[in-house]
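The values are calculated or read from the model by the stated rules, or taken from the named source; none is laboratory data. From a predicted model like this one, the values you see are computed outputs, not experimental measurements. Cβ placement follows ideal geometry from the backbone for every residue including glycine, while neighbour counts extend to all protein chains displayed. Just so you know, the surface numbers come from the protein's heavy atoms only, side chains and all, with ligands and any DNA or RNA stripped out. Shrake-Rupley method; radii C 1.70, N 1.55, O 1.52, S 1.80 Å.
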Amino acid sequence: MTVDQSVAQVGNLLLYSAMTAYLGSFIAYAADLAEGGKEIKAREGRRAAATAAGGGAGAVLTKPSAPPHRRRRAAAVGTSLFAAAALLHLGSVVARAVSVHRVPWGNMFEFALTGSLVVAVGYLVAVVRASRAGLGGGRDARYLGTFVAGPVLATLGIALRSFYVEASQLVPALDSVWLIIHVFVAILATALSTLGFSATVLQLTQEKRDRVRAAGKHPGGAFMDALPGAVELERTAFRLNAVAFVMWTFTLIAGAVWAQVAWNRYWNWDSKEVWTFIIWVVYACYLHARATRGWDGRRAAWLSVLGFACMLFNYLVVNIFFPGLHSYAGV
């Protein structure tokens, strides 16, 4: 089939529009965090002043509580812009698929385009679920918007700058039903791992701030007090990584089956296969240490960070600089 370049150009315009909306969402979410941090700081200042006026002494620094329910206009704007960006993003992915008459993940650019969309949709689902569960006072997931909109925007920017290729047909080796199964599950696993990594970074930051506070000092970044605590973030990261691990396991097995179909061997010691297995091993160690040895907090978190670093190496380095049977990056 011929490639419809006019539809592909429409997809590019939708992508640029989505990036503009993501940028606006990021700014609005950042403004909301800053506002929440100022409220917490002001409230703690009033509490300290009241304690001093009442003759209190030897006050112990504790983690400030999240701000009470307030009209978070900036967060509402950020969420609206993020939802609009996700719709434009979806339109771009659909247009790319229509233009090439196939699934839109046949090269690194399309993988980044679709994978970042899955991250965006996952965040919106989390916001809706938290909103429904939080009617009785639960935590608002929009506090995490800054740390989702930013990475999604950065991913799209890098993809356009370094990985972009014109819409084209697949190379014969990829023209298989396994492309739909194998790569799509890999996209889901990568998206969940990305969300898990974001939660892990926030967890490590919160733990560091807790240690500073325990030493009797005031940690910087008051806006971080509006985010979940380290324990809650660690649990969130574990759940995300656990589901991602199951999907990554399927990716590994499906890849072996596809290799048997394409090359008559389940395992070829190709660089991509090796690094996919290394990622699986690192995350298996993380889950094992977390579930059976009681590794929570920083020790397990650094294993999670290592796993995501391996995933980035696999995507950004192996795909480009390690020639082999999986050299389909398109760049």
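Which residue is modelled with the highest pLDDT, if the candidates are limited to region 63-82 and must be outside any loop (DSSP other than H, G, I, E, B) and loosely packed, with under 15 Cβ neighbours inside 10 Å?
Among those that are outside any loop (DSSP other than H, G, I, E, B) and loosely packed, with under 15 Cβ neighbours inside 10 Å, it is 80.
Looking at region 285-319, which of the residues that are among the hydrophobic types (A, V, I, L, M, F, W, C), within 16 Å of residue 234 (Cβ to Cβ) and open to solvent by less than 50 Å² (accessible area, probe 1.4 Å) is farthest from the chain's Cα centre (by Cα)?
Filtering region 285-319 for residues that are among the hydrophobic types (A, V, I, L, M, F, W, C), within 16 Å of residue 234 (Cβ to Cβ) and open to solvent by less than 50 Å² (accessible area, probe 1.4 Å), the one farthest from the chain's Cα centre (by Cα) comes out as 289.
Looking at this structure, is residue 187 in a helix (DSSP H, G or I) and either in contact with a His (Cβ under 7 Å, 6 or more places away or on another chain) or modelled with pLDDT of 90 or more (or both)? Quick ask: steps written out before the conclusion?
Values: in a helix (DSSP H, G or I): yes; either in contact with a His (Cβ under 7 Å, 6 or more places away or on another chain) or modelled with pLDDT of 90 or more (or both): yes.
Yes.
Cβ contacts < 8 Å: first residue surrounded by fewer than 15 Cβ atoms within 10 Å (Cβ to Cβ), restricted to region 255-279; second residue aromatic (Phe, Trp, Tyr), any location; separation 6+ or different chain. Result?
So the pair list comes out as 257/178; 257/266; 260/266; 261/178.
Under 7 Å between Cβ atoms, at least 6 apart or on separate chains: pull out the pairs that start in region 202-223 with a residue that is of a type in the set (Ser, Thr, Tyr) and end on any residue that is in a helix (DSSP H, G or I).
Matching pairs, first to second residue: 205/224.
Being at negative phi and modelled with pLDDT of 95 or more narrows it down to one residue among 283, 266; which is it? Explain how you work it out, then say what you get.
Numbers: 266 fails: modelled with pLDDT of 95 or more.
Step by step, each of 283, 266 is checked, and only 283 is at negative phi and modelled with pLDDT of 95 or more.
Considering region 290-316 alone, what residues qualify as being among the aliphatic types (A, V, I, L, M) and at pLDDT below 90? So that I can check it myself, show each step before the final result.
So the first thing to find is which residues in region 290-316 are among the aliphatic types (A, V, I, L, M), and the list is 291, 300-301, 303, 305-306, 309, 311-312, 316.
Within region 290-316, 291, 300, 316 qualify.
How many residues, within region 158-177, are modelled with pLDDT of 85 or more and in a helix (DSSP H, G or I)? Break it down into steps so the answer makes sense when it comes.
Step one: of region 158-177, the residues modelled with pLDDT of 85 or more are 158-168, 177.
In the following step, the residues that additionally are in a helix (DSSP H, G or I) were identified as 158-163, 177.
Total satisfying the criteria: 7.
It is to be established whether one or more residues within region 4-14 are open to solvent by 70 Å² or more (accessible area, probe 1.4 Å), at pLDDT 60 or above and among the small types (Gly, Ala, Ser). Step through it out loud before you land on a result.
Of the residues in region 4-14, the ones open to solvent by 70 Å² or more (accessible area, probe 1.4 Å) are 5-6, 9-10, 13.
Applying the additional criterion that residues be at pLDDT 60 or above yields 5-6, 9-10, 13.
Retained after the next criterion (residues that are among the small types (Gly, Ala, Ser)): 6.
Yes, some residue in region 4-14 is open to solvent by 70 Å² or more (accessible area, probe 1.4 Å), at pLDDT 60 or above and among the small types (Gly, Ala, Ser).
Give me a count of the residues in region 204-228 that are at pLDDT below 85 and open to solvent by less than 20 Å² (accessible area, probe 1.4 Å).
First, the residues of region 204-228 that are at pLDDT below 85: 216-228.
From what is left, the residues that are open to solvent by less than 20 Å² (accessible area, probe 1.4 Å) are 224-228.
Residues that pass the stated criteria total 5.
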